[in-house]
Amino acid sequence: MNTKRRLFLKGSMAAGAAGVAMSAGLLTPGMVLAAWNEGAFKAKSVDEALSALMGSSSTEAGKIKIKAPDIAENGAVVPVTVSTDMGGVDTIAILASNNPTPLTSSYELGEGALPYVSTRIKMGKTGKVIAVVKSGGKLYSASKEVKVTIGGCGG
């Protein structure tokens, strides 16, 4: 009984401290939540998404490794891993070419971070998974065809 009371008091104190910090303006939702590029994520084509996200849609071939299944049994959860040996990587973006909104994710890497991303994306139908890496102010890309047997974007 005594431990439940202590746990309740600790939780109440923490919630109270967070409330005071929010009301004092020390914690604001903009500081806590991740920023996102609305134009890029709502773009209807790969070129539009890249232009909105990275300022250009022209890419060149690069040493980028994409690990994704050849056939995805369920388009709602397609595992994708992107890695590269290039140095000075700022951003890694993953796009699904045949999705209604192709940009699935974008990652800004800090200095010294390994250029490696592993995630799960949604694919509405069979198409290319495109990885775009920004390194040294240039855009590099690679793609892999993934066949989807059951669509993940409402299909």
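Here, each number is a calculation from the coordinates, and none is a lab measurement. Not measured: the values here are computed from a predicted model. FYI the Cβ positions are ideal-geometry reconstructions off the backbone, even for glycines, and counts take in every protein chain you see.
Couple of notes before you dig in:
- Modelled this way, with points 7 Å down the Cα-to-C-beta line, the labels at residue 14 and residue 86 are 4.2 nm from one another.
- Set of lysines with alpha-carbon distance to residue 63 below 22 Å, sequence-local pairs under 8 removed: 128, 134, 138, 144
- Sites residue 144 and residue 114, calculated FRET efficiency, Cβ-Cβ separation with R0 22 Å, nearest 0.05: 0.60
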